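Enquirer: Shown below is the structure under consideration.
The values are calculated or read from the model by the stated rules, or taken from the named source; none is laboratory data. This one's a predicted model, so the numbers in the text were calculated from it and none came from an experiment. Cβ: placed from backbone, ideal geometry, glycine included. Neighbour counts: every protein chain shown.
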Amino acid sequence: MKIKCMENIKILIVDDHNLIVEAWTNILNAVEGYEVCGSCDTAEEALTLTHRYRPDVVLMDINLKGGTGFDATSNIMNQIPKTKVIGLSIHDDLSIVKKIFSKGAKGYLTKNSSKTELIASIKKVYNNEVFVCDEIKDRFFNSALNEDENSAKKDLTSKEIDIIRYISKGMTSKEIGDILKISHRTVETHRHNILKKLDIPNSAQLTSWAKDKGYA
């Protein structure tokens with residue numbers, strides 16, 4: 001019989017498929033340092049058992065009886081924020097992945113994920129790292145990167161975009177000010193704000209960024 005140590009990672013499984021719960025319980029309980037402390041199949045029970053057992057990690061199915069994994073995750077994060085949640089689904093739809101992360105989850109697995117990924121994901125999120133399974137990892141992080149870039153574009157004002165274009169042409173603040181009929185000090189202020197918004201250190205790198213994004 002396997003003897004559990006006092007510092008096991010406690011895991012709660014929330015899923016409405018009994019075979020999955022049983023299989024994952026057997027897999028995880030066989031790993032040294034891991035312990036499945038309970039399981040349930042509803043959003044309401046997920047919150048109740050998280051309060052009762054104080055698991056370190058909750059494996060949270062998206063589709064549950066009497067609610068969704070989104071709701072359950074949000075409730076857990078609001079009430080027991082130290083608990084880490086890993087979203088689970090048969091789907092590889094990025095909108096689902098982004099939504100469970102927006103509710104506070106730190107990881108995501110599809111039900112095609114391997115035993116190795118299951119075990120690794122728990123250790124990762126327990127250690128405050130983000131985990132996304134290999135099946136969707138590249139698409140997820142590429143999408144997140146593009147969203148960040150698009151957000152930065154949306155935050156720029158039309159005047160700032162004009163100034164970026166003039167900077168990319170090598171124009172001085174005085175020359176830009178003359179064209180826009182503003183003082184060179186105002187242009188300098190805009191320069192500073194643009195670099196800060198885009199988290200770019202200098203005008204040379206701003207010019208490179210502008211060319212990549214089609215502003216130059």
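Enquirer: Which of the residues belonging to the stretch 26-51 are within 26 Å of the chain's Cα centre (by Cα) and part of a helix (DSSP H, G or I)?
Expert: LEU28, ALA43, GLU44, GLU45, ALA46, LEU47, THR48, LEU49, THR50, HIS51
Enquirer: Any residue that is outside any helix (DSSP H, G or I), modelled with pLDDT under 90 and basic (Lys, Arg) - is there at least one of those in the stretch 193-215? Break it down stepwise before answering.
Expert: Within the stretch 193-215, the first condition is being outside any helix (DSSP H, G or I), and the residues that meet it are 199-202, 213-215.
This time we only want the ones that are modelled with pLDDT under 90, so: 199-202, 213-215.
Then drop every residue that is not basic (Lys, Arg), which leaves 213.
Among the residues of the stretch 193-215, at least one is outside any helix (DSSP H, G or I), modelled with pLDDT under 90 and basic (Lys, Arg), which makes the answer yes.
The rows are residues; the columns are (1) of a type outside the set (S, T, N, Q); (2) buried (at least 20 other Cβ atoms within 10 Å of the Cβ).
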| position | (1), (2) |
| --- | --- |
| GLU32 | yes, no |
| PRO55 | yes, yes |
| GLY69 | yes, yes |
| MET77 | yes, no |
| THR83 | no, yes |
| LEU88 | yes, yes |
| LEU94 | yes, no |
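Enquirer: Select the strands (runs of 3 or more DSSP E) contained entirely in the stretch 52-159, then report the ones holding at least 2 residues which are at pLDDT 95 or above and more than 16 Å from the chain's Cα centre (by Cα).
Expert: On the way: elements: 57-61, 84-89, 107-110.
The strands (runs of 3 or more DSSP E) meeting that bar are 57-61.
Enquirer: When both residues are 6+ apart or on different chains and their Cβ atoms are under 7 Å apart, which pairs have a first residue that lies in the stretch 154-183 and is assigned by TED's automatic domain parsing to the domain that holds ASN202 and under 17 Å from SER208 (Cβ atoms), and a second that is not basic (Lys, Arg) and not in a helix (DSSP H, G or I)?
Expert: ILE161/TYR215; ILE164/TYR215; ARG165/TYR215; ARG165/ALA216; SER168/TYR215; SER168/ALA216
Enquirer: Just one of the numbered conditions (1) farther than 18 Å from ASN128 by Cα; (2) buried (at least 16 other Cβ atoms within 10 Å of the Cβ); (3) at pLDDT 95 or above is not true of THR48; which one?
Expert: With (1) farther than 18 Å from ASN128 by Cα; (2) buried (at least 16 other Cβ atoms within 10 Å of the Cβ); (3) at pLDDT 95 or above applied to THR48, the lone miss is (2).
Enquirer: Determine whether the stretch 42-56 contains at least one residue that is assigned by TED's automatic domain parsing to the domain that holds GLY87, among the charged types (D, E, K, R) and more than 22 Å from SER74 (Cα to Cα).
Expert: No, the stretch 42-56 contains no residue that is assigned by TED's automatic domain parsing to the domain that holds GLY87, among the charged types (D, E, K, R) and more than 22 Å from SER74 (Cα to Cα).
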